[in-house]
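Have a look at the structure below, then the notes.
The values are calculated or read from the model by the stated rules, or taken from the named source; none is laboratory data. Predicted model, so just to flag it, every value in this text is computed and none were measured. Cβ sites come from the backbone with ideal geometry, for glycine too, and all protein chains shown count toward neighbours. The protein model used for the area step is the full one, side chains on, heavy atoms only, and it has no ligands, DNA or RNA in it. Shrake-Rupley method; radii C 1.70, N 1.55, O 1.52, S 1.80 Å.
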Amino acid sequence: MLLERVAAWPDQAQAEFVRSLEDIETRHLGPYRLSDNERKAVQRGLQEMRERKLADDAAVAAVFNRYRA
């Protein structure tokens, strides 16, 4: 069984395994919790939106057109 084999893995591999399982558990069993940095980024984005600092459709289209082959 896989879980029995994990016990023989190096510590670093076991830690990665645990992080993977925690990620799966979080995605399937509960709400995602923002980190402090993620929360600040969301707040900055919302503030920029309120201040109308986001690019309009024409500006976005111009950038895509400039780099399109």
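Of all residues assigned to region 56-66, none qualifies as being assigned to a loop (DSSP other than H, G, I, E, B) and among the aliphatic types (A, V, I, L, M). Restricting the first member to region 48-69 and to residues that are open to solvent by 100 Å² or more (accessible area, probe 1.4 Å), and the second to residues that are assigned to a helix (DSSP H, G or I) and among the polar types (S, T, N, Q), the beta-carbon pairs closer than 9 Å and six or more apart or on different chains are K53/Q47. The single condition from (1) surrounded by 10 or more Cβ atoms within 10 Å (Cβ to Cβ); (2) assigned to a helix (DSSP H, G or I); (3) modelled with pLDDT under 90 that E4 fails is (1).
For region 33-66, which residues satisfy the criterion of being of a type in the set (K, R) and more than 30 Å from E22 (Cβ to Cβ)?
Passing the criteria: R50, R52, K53, R66.
Contact annotation: residue pairs with Cβ atoms under 9 Å, 6 or more positions apart or on different chains, pairing a residue in region 13-38 that is of a type in the set (V, I, T) with a partner that is open to solvent by 100 Å² or more (accessible area, probe 1.4 Å), are T26/Y32; T26/R33.
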